[in-house]
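Data block below; observations after.
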Amino acid sequence: MQNTVHILVLVSGNGSNLQALINAGQRGELGVGRIAATLTDRADIYALERARLANIPALVEPPNMTLPIAQRRQDLSDRILQFCRERNIGLIVLAGFLSILAGDIIREYTGRIINLHPSLLPKFGGVGMYGERVHQAVIDAGEPESGCTVHLVDAGTDTGPILLQRRVPVLAGDTAAALAERIHHEEYIAIVEGTALMVVQIAANTA
């Protein structure tokens, strides 16, 4: 019998993608994967309530804003890494997590961190490209389609190998909000598919 793959979900906002993962886990769609904990980089977000309602441990680890940005990322990443070691985390899922990971966590969890990005990478990725900024950039560029990407996380920003993508058309008269809403529905599918795929790979590698 395969060992359970403990999953840590990192979130920064409403947590609708976390909810998609919770629902998928309850339906058995994550295989031997189990959401062991949720970690947020800010308090007072609804994702924490979603975790509470699902009886999933939730931890708030805000960035230390007194540090320069590089040190701030390193400090937060090191705290997350320590948590992962303590909880025997096998897979880290960034589901709308706005802080950028850096340092040892990237090396120690190479091939075991995935991120959901709201565009068809490699287009419209990188530092500062998140939320409606991405969708507005897609519209401004006159792109005929957009979508979302699940990719492995590396030392860059939105630069790791792509696992899967889901596409939607960009419609005439689209606003960033309208395009975002259309993509959200695909994100809920993509994050579950990407997580389930990684669970199978990690379980096979640790069997």
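Tabulated results
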item: Selected residue (only one of Arg107, Arg85, Arg79 is under 16 Å from Val5 (Cβ atoms) and either modelled with pLDDT of 95 or more or among the charged types (D, E, K, R) (or both)); result: Arg85
item: Output for segment 103-128, where each listed residue is among the aliphatic types (A, V, I, L, M) and closer than 24 Å to Leu21 by Cβ; result: Ile105, Ile106, Ile113, Ile114, Leu116, Leu120, Leu121
item: Residue among Leu67, Leu81, Leu76 that alone is touching a Pro at 6+ places or on another chain (Cβ under 7 Å) and either over 15 Å from Val11 (Cα atoms) or part of a helix (DSSP H, G or I) (or both); result: Leu76
item: Criterion violated by Lys123 - all others in (1) of a type in the set (Lys, Arg); (2) more than 23 Å from Gly13 (Cα to Cα); (3) outside any loop (DSSP other than H, G, I, E, B) satisfied; result: (3)
item: Residue satisfying all of: in segment 111-131; modelled with pLDDT of 95 or more and β-branched (Val, Ile, Thr); farthest from His6 (Cα to Cα) among these; result: Ile114
item: Test: residue in segment 79-88 that is buried (at least 21 other Cβ atoms within 10 Å of the Cβ) and either of a type in the set (A, V, I, L, M) or in contact with a strand residue (DSSP E or B) (Cβ under 9 Å, 6 or more places away or on another chain) (or both); result: yes
item: Neighbours by Cβ (under 6 Å, 6+ apart or cross-chain): first from segment 174-198, more than 16 Å from Val134 (Cα to Cα); second assigned to a helix (DSSP H, G or I) and not basic (Lys, Arg); result: Tyr188/Ala20; Ile191/Asn17; Ile191/Ala20; Val192/Ala20; Val192/Ala24
item: Output for segment 107-143, where each listed residue is of a type in the set (A, V, I, L, M, F, W, C), within 27 Å of Leu91 (Cβ to Cβ) and crowded, with 18+ Cβ neighbours inside 10 Å; result: Ile113, Ile114, Leu116, Leu120, Leu121, Phe124, Val134
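This table checks each residue for (1) surrounded by 17 or more Cβ atoms within 10 Å (Cβ to Cβ); (2) over 16 Å from the mean Cα position of the chain (by Cα); (3) of a type in the set (Ser, Thr, Tyr).
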position	(1), (2), (3)
Gly33	yes, no, no
Glu49	no, yes, no
Ala54	yes, yes, no
Ile92	yes, no, no
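The values are calculated or read from the model by the stated rules, or taken from the named source; none is laboratory data. It should be emphasised that the depicted structure is a prediction, and the values quoted were computed from it without experimental measurement. Reconstructed Cβ throughout: ideal geometry from the backbone, glycine too, with neighbour counts over all protein chains shown.
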